[in-house]
4 protein chains.
Amino acid sequence: MRIGVFCSGGDAPGMNACVRAAVRCATSMGHEVVGINRGYQGLIDENFYVNSAGEPRMTARSVSNIVQRGGTILRSARCPAFLTEDGMLKAVRNLKKHGIDALVPIGGNGTFRGAAELIKRWEGRVVGCPGTIDNDLLGTDYTIGFSTAVATGVEAIDKLRDTAESHQRLFLLEVMGRHSGFLALYTALAGGAEFACVPETPTDIPGIVRHLEQLQKTGKKSIIGVVAEGDEEGGATILQKKLDDAKCTFSTRATILGHIQRGGSPTPDDRMLATRLGDFAVKSLDLGATGVMAGEINSRCVLTPLADTFAQHKPLPSELIDLLDRMSN
Amino acid sequence: MRIGVFCSGGDAPGMNACVRAAVRCATSMGHEVVGINRGYQGLIDENFYVNSAGEPRMTARSVSNIVQRGGTILRSARCPAFLTEDGMLKAVRNLKKHGIDALVPIGGNGTFRGAAELIKRWEGRVVGCPGTIDNDLLGTDYTIGFSTAVATGVEAIDKLRDTAESHQRLFLLEVMGRHSGFLALYTALAGGAEFACVPETPTDIPGIVRHLEQLQKTGKKSIIGVVAEGDEEGGATILQKKLDDAKCTFSTRATILGHIQRGGSPTPDDRMLATRLGDFAVKSLDLGATGVMAGEINSRCVLTPLADTFAQHKPLPSELIDLLDRMSN
Amino acid sequence: MRIGVFCSGGDAPGMNACVRAAVRCATSMGHEVVGINRGYQGLIDENFYVNSAGEPRMTARSVSNIVQRGGTILRSARCPAFLTEDGMLKAVRNLKKHGIDALVPIGGNGTFRGAAELIKRWEGRVVGCPGTIDNDLLGTDYTIGFSTAVATGVEAIDKLRDTAESHQRLFLLEVMGRHSGFLALYTALAGGAEFACVPETPTDIPGIVRHLEQLQKTGKKSIIGVVAEGDEEGGATILQKKLDDAKCTFSTRATILGHIQRGGSPTPDDRMLATRLGDFAVKSLDLGATGVMAGEINSRCVLTPLADTFAQHKPLPSELIDLLDRMSN
Amino acid sequence: MRIGVFCSGGDAPGMNACVRAAVRCATSMGHEVVGINRGYQGLIDENFYVNSAGEPRMTARSVSNIVQRGGTILRSARCPAFLTEDGMLKAVRNLKKHGIDALVPIGGNGTFRGAAELIKRWEGRVVGCPGTIDNDLLGTDYTIGFSTAVATGVEAIDKLRDTAESHQRLFLLEVMGRHSGFLALYTALAGGAEFACVPETPTDIPGIVRHLEQLQKTGKKSIIGVVAEGDEEGGATILQKKLDDAKCTFSTRATILGHIQRGGSPTPDDRMLATRLGDFAVKSLDLGATGVMAGEINSRCVLTPLADTFAQHKPLPSELIDLLDRMSN
């Protein structure tokens, strides 16, 4: 088999580890790998990874020393052209032209939507890997990049806490998550924050203010709150204003992490997950699977139809919401 | 209930997060918490945590700002005295004297052995939490501290790789693990090492040398191997000599991480696990559980009889051993 | 001598190392130390650090295990009350009441302005230490906290670069610095950014756009720019808009670091500087110095009159501005 | 001019930043750069860096995105062949053959010894840059890589302290430094260690034991000592035994950092220093300098004859030795 590998959509730490695993599994099984640069755009543009011997082919050596790198050596892109019938047909022509039998797209729901459309027009096989910091895909407990993004948020909290303790303040940390509160909730729990505002549950501002007053009475000197950018009450800047208006007794500062969360050397967890899934995706292709995403559920590698991974909202574990409450007394 | 919390045995990152969770869960439910310093030794010596108001009691405020700290504010110790009947009876007397109804010991198999003996002589309840970097306890997928110890090892590999790449060398990294290869195997996988030597499987030195020769032929410039201190062929220093004797073509350097692996701010994963388990241990005590360890299996909190956690060797996942092989071509 | 030590104004990483050094130097010389909580406010409120023996006194043991901690165990505060004659006289009364002979204030220009006023009304001695991330004080090459704040900014750039490389983008990173470009310039240089916008020099937006176009022609795939919050063209968000309006060909994203820069474990450099200056301040007091700040110039400890440290704008080294230009071709 | 750049000897973090600066300064001035792989060995083997266009030439783009990377993209090597007359003449022939007019060798005293010999046989110019973690070269306050190696050691101490505090132990940390105590002394000071054993001063074991007993009486719970591998009493393992034999009351553990200190992303300080010196070396070549090393003294770039950089032992600042004493009461 000749397997094409690419990354698409927002990049996520661990994508390189996933590419590495796919390539090394494939070469260990005797398959060939073509690296496609810049996602679907590269498929349309015939933009392929060229190895040190000048060939458009990835070998085990092409992926040496990348397991620890953030970003992706194949570069990622969003590709509006691919959403058109024309774009898709051009991609299919190029797949045929270059003798590619199968694809391992690494990305999020946009990537898989595209892949699901592609296989309607192409007889090759597709097994995707979930690469997104949002952890908003069904079919896997965690997505590649989520662990590192949480670590980045937690590290920010650890730093804010130094100042918060010194100055008796409330810090609001805004993390990514337009529709999903996973990043905010996990960052809050692991960071020891007092509350999290997530899109999935109503944010009760007077309730927060009362809760903080009570904490202050017990001697609590500083407060950290984590806010998902997509919280229905608004991001950290708006929330800061609303808390001030609601006469919150703590002096409040907002901090916005932004794209920093997408970068950084992947955590061991992300590398492990990426390695297992990149490997499993190729093994699954080898066994004939197609139209599915490789995921890890309860420590076991599983396949889920692409369309099922983004069909529904991945629910936040309610016991973790309760746990955060219990931890902030 | 009046609940005693302590840490015992080798310390592990995340113990503080576990203490915090136990305390906050307990206070949120109306229980009292006594912090016992220095493990079983502190129980024998009546050495209790004293809060800022001068009382021998932990409040929600006693555990502020510790979720991110390595080590343990209750300090840990190994306690030979406790292994004697005298020691144990003294501990029991002190538990009664101070009106302690239940215990949350945080530690490894030595800690739980002690706890299992204790409840034969005391009518109080015990729910333990697995705090050890070795991940060698059954009844939980991971132990508190393992994730951070892996991260420390992986970080070391990332640094060694810089030099290995620059100089074309083989670096052997020795990690902890007298009887268990979990740390070595996970560190190798996440670090992108070429091989791991673990106590559970025979280490085939001529085989390693042949494998490295093949890698060199493909253009591989540097090699990292991870060695568990308890590997049957010996630690990194001995292995280095054996590889040299077997005419390994790479110039070899050994590095020994030692106690560095026990320290450091816990990873988000360790904080999450510690928080969940500390909380779950107290909730389980509240529901009447005793003689068990709180663990997490397949993302769910579960209880396992103390004796079952150390009765058998926790097996290394064989699919991860295979995966490492596949990744090092 | 009975020496009072306090931190005032915005907190800075390394303040704890400075407190530790002042305390240990003082105790090694036979002086007594009183820790004053929350800066000038604590002086007015008689809010003193209480050691584990319950005494309002800092011993060598009071500062164990804090050299590595961000924030300050004495907590910092801004104190409007101190700016009034009443506040100042109350502070003087308390200094006399508690037999304090000398002060080591750790802070920035606000702190030293206060101290300069104080010694007009009090016969005790004052030797300050420069603790501010802004590096905007004369009389020292660097201030305590600057090195760590640069490191935090550089780490952010390293993460942004992962994504920038993957997506071919321009990232603007806003760092602190209302009136001073030190943080922005050093962060840009050490981070390998393409440009820095600082309050000290005019920001030429069409010039930046032309420069980026040229870089793009040479194959440059991603751009990082560092913006001081006090740049005369505005912070990162405003600059992003202006670059878009000027038809910058790179897709631009703004990121705002905020208070994260104040936290974190101090770098070795900040710990060294803080240790040297805290020690030198006490030795200088012992020798009779007063009304001065301890600083380090050309690796040597020196004293500068308090008023001279904030009388003029500390100029950016112009050779570093040229260097950044040369590095971004 | 056609300038050859290479790294030689033990690699040091910041070498990449130095290569980048030399390249970009050169290209900004209209010079050409040839990257020589693997130090003097590559000069003998005509092993040159090949850019993405397939040419043996480094452009500004060749050094994109490397400022933050440990190791060196040009790889380093020790080269016994170069020490022979034959090797040296071969190198000279190759320099002429490839039209190289000048060299920027980045390395330590071995590198500069070689360069000093080379210019006796070759009419080209040489301006070196000090790249070594040992900081053992005269003509510069600090060498490139020293700051990062200190940071790695300090980070290790921060982790050991967690366990030391929890268990009341003495940890000995062995750092590199066969003949020089800079790394050990700075690591000890910034890490807050209680003592440092360096080759430059006699290590008084009974004195250490007495000092530690006194500290224990004041309530000190844990001790960290830093040992240079070249201390005259031996490395950490031997010292551990000697302390035990001298009846040290603390339970002692030895840890050996090894090559980990050579790796890691360079600190901002190392990047700044490397950037300034790489740039300054090229500018100096352009102005006609030769036979010298570029260094930074008192924040100013200066040139020192190559032979003077290794002619004498670089002395440890005695005031820092005193400072460490004062800090450990």
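Once you put a point 7 Å from the Cα of A:S28 and another 7 Å from the Cα of A:L89, both along the Cβ direction, what distance in nm separates them?
Distance between the two pseudo-spin positions: 4.2 nm.
How far, in degrees from 0 to 90, does helix C:146-167 lean away from the longest principal axis of the Cα atoms of chain C, to the nearest 10?
Its long axis makes an angle of about 20 degrees.
Using Cα pairs closer than 8 Å and at least 6 residues apart in sequence, work out the relative contact order for chain A, in percent. Mind dumping the intermediate values first?
Details: 762 pairs, mean separation 78.0, N = 329.
Worked out over chain A, it gives 24 percent.
Hey, what number do you get for the protein assembly as shown at 222 nm if only DSSP H runs of n ≥ 4 count, each worth -39500 (n - 2.57), divided across all residues, to the nearest 500? The partial results should precede the final answer.
Details: 44 runs with 544 residues, N = 1316.
Dividing the helical sum by the residues of the protein assembly as shown leaves -13000 deg cm²/dmol.
Put a point 7 Å out from Cα along the line to Cβ at B:L83; what are the distances to that point in the other copies, in nm, shortest first?
Relative to the other copies, B:L83 has label-point distances of 5.2, 6.6, 6.8 nm.
Kindly put A:L172, A:L257, D:L324 in sequence by how many other C-beta atoms sit within 10 Å of each C-beta, fewest to most.
On the way: A:L172 25, A:L257 28, D:L324 20.
Ranking A:L172, A:L257, D:L324 by Cβ neighbours within 10 Å, fewest first, gives D:L324, A:L172, A:L257.
To one decimal in nm, how far is C:K217 from the same spot in the other copies, if labels go 7 Å from Cα toward Cβ? Please give the shortest first.
Between copies, matching label points for C:K217 lie 5.0, 6.9, 7.7 nm apart.
Compute the normalised compactness of the range A:147-263: alpha-carbon radius of gyration over 2.2 N^0.38 Å, N being the residue count.
Working: Rg = 12.9 Å, N = 117, 2.2 N^0.38 = 13.4 Å.
My calculation over the Cα atoms of the range A:147-263 gives 0.96.
Roughly how big is the range A:33-127's charge dipole about its Cα centre, with Cβ charges of +1 (Lys, Arg) and -1 (Asp, Glu), in debye to the nearest 20?
Numbers: 14 positive and 8 negative charges, 30 e Å.
Using only the charged Cβ atoms, the result is roughly 140 debye.
Relative contact order of the range D:37-76: what whole-number percent is it, with Cα pairs under 8 angstrom and at least 6 residues apart? Intermediate results must be reported in sequence, preceding the final value.
Working: 28 pairs, mean separation 18.1, N = 40.
This gives 45 percent for the range D:37-76.
Roughly how many Å is it from the Cα centre of the range B:302-329 to that of the range B:96-132, as a whole number?
26 Å
Roughly how far apart, in whole Å, are the Cα centres of the range D:176-221 and the range B:1-56?
Using only Cα atoms to place each centre, the spacing works out to 34 Å.
Excluding residues on the same chain fewer than 8 positions from C:K220, give the lysines whose Cα lies under 26 Å from its Cα.
C:K159, C:K241, C:K242, C:K247, D:K283
Name the lysines eligible as straight-distance cross-link partners of D:K97: C-alpha to C-alpha under 21 Å, and not fewer than 8 places from it in the same chain.
D:K120
On average, how much area does the Cα convex hull of the range A:70-196 cover when viewed from any direction, in nm²?
Numbers: hull surface 38.0 nm².
Mean shadow area of the hull around the Cα atoms is 9.5 nm².
Could you give the nm distance between label points at C:E213 and D:I297, where each point is 7 Å from its Cα heading toward the beta carbon?
Each label point lies 7 Å from its Cα, and together they span 4.7 nm.
Tell me which D residue has its C-beta closest to the axis rotating D onto B, and the distance in Å?
D:I256, 3
So, with +1 on the Cβ of K and R and -1 on the Cβ of D and E, and no other charges, what is the size of the charge dipole of the protein assembly as shown about its Cα centre, to the nearest 20 debye?
Values: 144 positive and 148 negative charges, 1 e Å.
Once rounded to the nearest 20, the dipole reads 0 debye.
I need the inter-copy label distances for A:N51: point set 7 Å along Cα to C-beta, values in nm with one decimal, smallest first.
Between copies, matching label points for A:N51 lie 2.6, 6.4, 6.7 nm apart.
Within 10 Å of each residue's Cβ, count the other Cβ atoms and sort D:C248, B:C301, B:C7, A:C25 from fewest upward. Let's see the in-between values first.
Values: D:C248 20, B:C301 17, B:C7 32, A:C25 26.
In order of increasing Cβ crowding within 10 Å: B:C301, D:C248, A:C25, B:C7.
Tell me the angle of helix C:268-286 to the major Cα principal axis of chain C, expressed in degrees between 0 and 90 and rounded to the nearest ten.
30 degrees
Measure off 7 Å from each Cα along the Cα-to-Cβ vector at D:A53 and A:E232, then give the distance between these two points in nanometres to one decimal.
5.8 nm
Explain nothing, just the number: relative contact order of the range C:148-262, from Cα pairs under 8 Å at least 6 residues apart, as a whole percent. Before the final figure, lay out each step's value.
Values: 217 pairs, mean separation 45.2, N = 115.
Reported as a whole number, the value is 39 percent.
Laboratory data are not the source of any read-out in this text; all were calculated from the coordinates shown. Quick caveat: nothing in here was measured; it's all calculated off a predicted structure. We place every Cβ from the backbone using ideal geometry, glycine too, and count neighbours over all the protein chains shown.
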